[in-house]
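The values are calculated or read from the model by the stated rules, or taken from the named source; none is laboratory data. The model shown is predicted, which means the values in this text are computed figures rather than measured ones. Cβ sites come from the backbone with ideal geometry, for glycine too, and all protein chains shown count toward neighbours.
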Amino acid sequence: MICLSLQSTLPVRLSPVDCLAIERAGAAVAFSGAARVDLIREGDPTPSALVLLEGWACRYKDLPDGRRQIVGFVLPGDVSNLGKQLAGAMDHAIQSITQVRYMLVNPEQTDALAASVPGFVEALLAQEQITAAIQREWLLSLGQRRADERMAHLLVELHLRLHAVGLTDRATCDFPLVQSDLAAATGLSAVHVNRTLQQLRRDELIELSGKRLTILDIDRLREIAQFEGRYLQLA
């Protein structure tokens, strides 16, 4: 899974031997986590990068009174905290949304994979660049997009990211997010999230059922969101 995700951002192709080396490294240091638990807490030391192998997670920050802002969703194959290996303590937390499998890659393991797998570090750095680009796009949504535009943009973005790693069935994908997750990611109230989703349903743009999302008209959804997907760097 990690190899498949890295392929979507890598400027050169990984060979089958390279992929096997990466997957073997992942199997050797893989962890499992339950849903809705912190995998890394804010303030923790960060000697390792986190690579999500299965499931969904999010990066978030809380205010002292408990209000939460989700600052990013972590999908299978995504790498988090590569830069934090040099930066000391975590300035945000990473929490599982579903049951997850993940690997922690410390600097020594990164160096070993870099020596044996050409392009591995370039792939990790490419994902860091994409993460930063997603953050800028989310900031634009929070500052300028209307509620329907924010929601449409987020749904299209997540669907495209899942499609890039082979986790969609045509227009349908798993969607374990609840309304409080969407509210924390879009800066909307839970009530406003509900109204916005209902409107997208009435307009026959999406279906949400049984933790599955189906995008019925991605062209119209992209138009509503004013979605320009170059920032994801997908082929």
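Residue-wise test of (1) farther than 16 Å from residue 181 by Cα; (2) among the basic types (Lys, Arg); (3) in contact with a helix residue (DSSP H, G or I) (Cβ under 6 Å, 6 or more places away or on another chain).
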site	(1), (2), (3)
130	yes, no, no
134	yes, no, no
139	yes, no, no
142	no, no, no
150	no, yes, yes
153	no, no, yes
158	no, no, no
167	yes, no, no
Which numbered condition residue 130 fails, given (1) at pLDDT 95 or above; (2) more than 19 Å from residue 96 (Cβ to Cβ); (3) within 16 Å of the chain's Cα centre (by Cα): (1)
Being surrounded by fewer than 16 Cβ atoms within 10 Å (Cβ to Cβ), modelled with pLDDT of 95 or more and in a loop (DSSP other than H, G, I, E, B), is that true of even one residue in the stretch 22-34? yes
Could you go through the stretch 101-119 and let me know if any residue there is among the aliphatic types (A, V, I, L, M), at pLDDT below 90, touching a Cys at 6+ places or on another chain (Cβ under 9 Å) and in the same structural domain as residue 20 (by TED's automatic domain parsing). yes
Would you mind stating whether residue 119 is small (Gly, Ala, Ser), more than 18 Å from residue 52 (Cβ to Cβ) and without any contact (Cβ under 8 Å) to a residue 12 or more places away in the chain? no
Would you pick out the residues in the stretch 56-112 that are assigned to a loop (DSSP other than H, G, I, E, B) and in contact with a Leu (Cβ under 9 Å, 6 or more places away or on another chain)? 56, 75, 76, 77, 78, 81, 82, 97
